[in-house]
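Have a look at the structure below, then the notes.
The values are calculated or read from the model by the stated rules, or taken from the named source; none is laboratory data. As the structure is a computational prediction, the values presented were derived from the model and not from experiment. Neighbour counts are summed over all protein chains in view; Cβ atoms, including those assigned to glycine, are modelled from backbone coordinates with ideal geometry. Ligands, DNA and RNA are excluded from the accessible area calculation, which covers all protein heavy atoms including side chains. Shrake-Rupley method; radii C 1.70, N 1.55, O 1.52, S 1.80 Å.
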Amino acid sequence: RGNYRMNKVEIQATELLVKFVATFKDYTLTQKDYEKVRHILLDYYCAAITGAQTETSKLVYKYLVETEGEGNINVIGRSRGLSLANAAFVNGTSAHCLDFDDGHTHGSIHPAAPIIPAVLAVAEEIDANSEEVSRAIIVGYEVCLRIASAIHPNSRKRGFHNTPIAGIFGATAAVSYLYKIDESGIESALGVAASFAGGLFAFLGTGSEVKRIHPGQAARDGI
């Protein structure tokens, strides 16, 4: 509705997420944290490399090359790169093409496909180091999984697809961390992400492949 105003709980939740992203650089990570990130990345690459060989991934890549041209950000399984946002779109799509990407049951979501492609694309652009990449992934997962777990199962019962809906927040948070955006900027970024969040489960039973591009779209829009 046009006259909608955020209530106190929504404001507090937003402030907590913003504060978490902005101050995560001060958190001390353990060896176990880094091992988990390596496991997540290995899992992601396995899904994305195999998914890149599917017709859906090839069609998305072909369309973007023909309509928007090439770029200098790597695309998994392709010899030619794409722009920052488009590379994230294709890599996110590839990771979800075979539905073997990681999942979080309590949030009914696949977090890697929307988050990792956004992180890797931006990391390549700004030449981020492994420490920054690891922290950005953790930030993205924390935000994404908390939101997904908060809206599930009601969102799923209403026909929404949690992966792009919560995934865009994870991608946005992770990218905001990499770009070292201040609290005001992070708040604005998450607000824009909320406007872009979407994805329906209407593909069930129709044979539509649109589900595959959902996390790719979230990765792109997160950037």
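Taken as a whole, the condition of being closer than 22 Å to Asn72 by Cβ and in contact with a helix residue (DSSP H, G or I) (Cβ under 6 Å, 6 or more places away or on another chain) does not apply to Val143.
Restricting Ser83, Ser149, Ser134, Ser130 to those that are free of Cβ contacts under 8 Å to residues at least 12 places away in the same chain and either open to solvent by 40 Å² or more (accessible area, probe 1.4 Å) or more than 26 Å from Leu59 (Cα to Cα) (or both) reduces the list to Ser130.
Quick one: is Gly170 at pLDDT below 95 and closer than 15 Å to Gly92 by Cβ? Spell out the reasoning first.
Working: at pLDDT below 95: no; closer than 15 Å to Gly92 by Cβ: yes.
Considered against the rule, which asks whether it is at pLDDT below 95 and closer than 15 Å to Gly92 by Cβ, Gly170 comes out as no.
Only one of the numbered conditions (1) without any contact (Cβ under 8 Å) to a residue 40 or more places away in the chain; (2) open to solvent by 30 Å² or more (accessible area, probe 1.4 Å) is not met by Gly185, and that is (2).
For Thr206, the test of being free of Cβ contacts under 8 Å to residues at least 60 places away in the same chain, open to solvent by 20 Å² or more (accessible area, probe 1.4 Å) and either out of contact with any strand residue (DSSP E or B) (no Cβ under 7 Å at 6 or more places or on another chain) or farther than 21 Å from Ser155 by Cβ (or both) is passed. Val192 passes every criterion in (1) open to solvent by 70 Å² or more (accessible area, probe 1.4 Å); (2) at pLDDT below 95; (3) of a type in the set (A, V, I, L, M) apart from (2).
Taking the listed residues Thr14, Thr50, the one that is polar (S, T, N, Q) and modelled with pLDDT of 95 or more is Thr50, with no other qualifying. Only one of the numbered conditions (1) more than 30 Å from Thr23 (Cα to Cα); (2) touching a helix residue (DSSP H, G or I) at 6+ places or on another chain (Cβ under 6 Å) is not met by Ala202, and that is (2). Taking every residue in region 100-115 that is more than 25 Å from Ala87 (Cα to Cα) and pairing it with any residue that is not in a loop (DSSP other than H, G, I, E, B) and not polar (S, T, N, Q), at least 6 positions away or on another chain, the pairs with Cβ-Cβ distances below 6 Å are Gly107/Leu145; Gly107/Ala148; Ser108/Arg156.
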